[in-house]
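Read the figures in this text as sums done on the coordinates, not as results from a lab. What you see is a predicted model, and the numbers here were worked out from it, not measured in a lab. Positions of Cβ are generated from backbone atoms using ideal geometry, with glycine treated the same way; all protein chains shown enter the neighbour counts.
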Amino acid sequence: MADNVTADAPTRSHDRRVAWSVVALVAVTVAVGALVPAPAPHRAAATPDSDPACAEWSDGCHVCQRDAGGVACSLPGIACVPKEPSCLRRVGG
């Protein structure tokens, strides 16, 4: 019976080291997650209305044109579902 007690002591010691290693790893992971700054928010690509070279653009519902007087857009149709705006006509290029 004494052999079982002495044989279990190294196993228990090893188990304690493994358990404390897991606790330390979890603590470090939580600390790093709390200290590292969050990633920058995703910036959308430039929209056609902010691109001075885009003279006409549409989202499938509105058609907008830019001229010397400014920007003018059409009214949407009934039950129109807008899509991602795209440039239809460019100037100067």
Going highest first, how would you order 81-90, 51-60 by mean Cβ packing within 10 Å? 51-60, 81-90
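Quick one: net charge around Pro52, please, counting Lys, Arg +1 and Asp, Glu -1 for every other residue with C-beta under 15 Å from its C-beta.
Computed value for this residue: -1.
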Distance in Å, no decimals, from the C-alpha centre of the stretch 46-93 to the one of the stretch 11-32 is 58
On the formula 1/(1 + (r/R0)^6), with r taken between the Cβ atoms of Cys87 and Val36 and R0 of 41 Å, the FRET efficiency rounded to 0.05 is 0.60
